[in-house]
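The values are calculated or read from the model by the stated rules, or taken from the named source; none is laboratory data. It should be emphasised that the depicted structure is a prediction, and the values quoted were computed from it without experimental measurement. For neighbour counting, all protein chains shown are included, and Cβ atoms are generated from backbone atoms with ideal geometry for every residue, glycine included. Ligands, DNA and RNA are stripped out before the accessible areas are found, and what is left, the full protein with its side chains, is counted by its heavy atoms. Shrake-Rupley method; radii C 1.70, N 1.55, O 1.52, S 1.80 Å.
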Amino acid sequence: TLYRVFRPKTFDEVYGQQHITDILKKQVMTGQLSHAYLFYGPRGTGKTSTAKILANAMNCLAPQDGNPCGKCEVCTGVANDAFVDIVEIDAASNNSVDNVRDIREKVSLLPALGKYKVYIIDEVHMLSPGAFNALLKTLEEPPAHAVFILATTEIRKLPATILSRCQRYDFKRITEEDIIGRLREVAEKTGIAYEEEALTMIAQSAEGAMRDALSVMDQCIAGQDALTLDHVNEAMGIADAERTRALCEAVLDENPSQALQLLHGMLRDGIEPHNILRDIIVELSGQLAKEAADAYK
């Protein structure tokens with residue numbers, strides 16, 4: 001899938017999170033690393049990818065400006081999922097006290113190949129209360145060679161005792177411009193012809209999540225030699241702009257008969273109700289913004 005093939009491998013390839021990646025690069029360059037990081041933000045914004053890059057960079061034998069070199073033994077092992085000193089744990093399915101106790105028993109062991117033994121715990125908010133207590137003991141007195149990177153979309157579910165022991169980094173929703181730029185880059189690298197309107201529609205539907213955008217793009221180009229707006233509309237069940245605009249005009253004109261007729265036609269064509277609602281909101285918001293701008297002229 002595209003989001004796996006084009007997963008960022010350096011901090012410079014992470015879109016829309018430069019306020020975080022610049023700090024992490026400096027930490028790698030100076031060697032002033034924390035023993036615990038907390039990456040918080042919406043899904044698909046690069047938390048796990050950044051965690052993997054950080055784990056790679058701090059173990060890299062010859063980092064380049066804070067980025068992994070991509071050529072040394074460590075980077076090669078990471079690329080092939082064969083580097084044993086980086087351990088990824090999905091807390092959604094490994095959330096018991098026993099799972100965390102297993103980490104506590106093994107964390108004291110020295111790294112086999114790298115400088116640091118790094119534990120990346122994804123969806124950390126899914127840990128049980130007992131597991132959080134067990135993790136807290138490890139975060140209070142970690143070995144010098146151990147680093148924990150916690151990732152979550154639900155920071156309010158984390159105990160304050162855990163939060164106070166981590167460097168916290170808040171990931172933002174990625175802007176439509178950054179998503180379009182990435183989609184354009186992927187299309188050019190894969191040799192897929194594309195329409196700018198199609199990239200814009202995918203970016204709007206992704207709602208700030210790069211992974212979602214790449215997944216939609218992957219779906220739209222399956223069996224196709226080009227990416228068009230029609231492909232996107234068909235694959236996602238989205239109404240075309242003209243029908244959406246006509247529906248909004250019928251609503252604004254207080255013409256229920258015309259509005260219902262258009263709505264029934266959209267539903268009959270398989271367009272999802274939540275997509276219709278979202279497109280109406282986008283269209284009306286655009287009209288309101290235009291009217292507000294005109295009023296200030």
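Please verify whether I221 is touching a strand residue (DSSP E or B) at 6+ places or on another chain (Cβ under 9 Å) and surrounded by 17 or more Cβ atoms within 10 Å (Cβ to Cβ), treating the condition exactly as stated.
yes
Report yes if some residue within the stretch 59-76 is over 18 Å from Y15 (Cβ atoms) and among the β-branched types (V, I, T); otherwise report no.
Yes, the stretch 59-76 contains a residue that is over 18 Å from Y15 (Cβ atoms) and among the β-branched types (V, I, T).
In the set S34, S93, which member is in contact (Cβ under 8 Å) with a residue 40 or more places away in the chain, under 24 Å from F171 (Cα atoms), polar (S, T, N, Q) and surrounded by fewer than 18 Cβ atoms within 10 Å (Cβ to Cβ)?
Working: S93 fails: in contact (Cβ under 8 Å) with a residue 40 or more places away in the chain.
After ruling out the rest, the residue left standing is S34.
Looking only at strands (runs of 3 or more DSSP E) that lie completely in the stretch 28-136, which have at least 3 residues being of a type outside the set (V, I, T) and in contact with a Cys (Cβ under 7 Å, 6 or more places away or on another chain)?
36-40
Regarding the stretch 273-288, can at least one residue be identified that is under 30 Å from E188 (Cβ atoms), touching a residue at least 24 places away in the same chain (Cβ under 8 Å) and open to solvent by 60 Å² or more (accessible area, probe 1.4 Å)?
yes
Can you work out which of the residues in the stretch 198-207 that are modelled with pLDDT under 90 and open to solvent by less than 40 Å² (accessible area, probe 1.4 Å) is farthest from R4 (Cα to Cα)? Break it down stepwise before answering.
Filtering the stretch 198-207 down to residues modelled with pLDDT under 90 leaves 201, 204-207.
From what's left, open to solvent by less than 40 Å² (accessible area, probe 1.4 Å): 201, 205-206.
Numbers: M201: 22, S205: 20, A206: 17 Å.
Going through the qualifying residues, I end up with M201.
From the set of residues in the stretch 1-21 that are out of contact with any strand residue (DSSP E or B) (no Cβ under 6 Å at 6 or more places or on another chain), of a type outside the set (A, V, I, L, M, F, W, C) and assigned to a loop (DSSP other than H, G, I, E, B), which is least open to solvent (accessible area, probe 1.4 Å)?
For the stretch 1-21, the residue satisfying everything is Q17.
Answer with yes or no whether S285 is out of contact with any helix residue (DSSP H, G or I) (no Cβ under 7 Å at 6 or more places or on another chain), modelled with pLDDT of 90 or more and hydroxyl-bearing (S, T, Y).
No; evaluated as a whole, the condition is false for this residue.
On the basis of being in contact (Cβ under 8 Å) with a residue 40 or more places away in the chain, open to solvent by less than 60 Å² (accessible area, probe 1.4 Å) and more than 16 Å from L150 (Cα to Cα), does G130 make the cut? Step through it out loud before you land on a result.
Numbers: in contact (Cβ under 8 Å) with a residue 40 or more places away in the chain: no; open to solvent by less than 60 Å² (accessible area, probe 1.4 Å): yes; more than 16 Å from L150 (Cα to Cα): yes.
Criteria not met by G130.
Among E249, E234, E195, which is more than 18 Å from R182 (Cβ to Cβ) and modelled with pLDDT of 90 or more?
E249
Take the stretch 105-123 and flag every residue that is closer than 19 Å to Y37 by Cα and either loosely packed, with under 15 Cβ neighbours inside 10 Å or hydrophobic (A, V, I, L, M, F, W, C) (or both).
V107, S108, V118, I120, I121
If a residue must be farther than 25 Å from L158 by Cα and crowded, with 19+ Cβ neighbours inside 10 Å, how many such residues does the stretch 22-31 contain?
2
Take residues that are closer than 30 Å to L110 by Cα and tell me which of the helices (runs of 4 or more DSSP H) falling wholly in the stretch 141-235 contain 2 or more.
160-163
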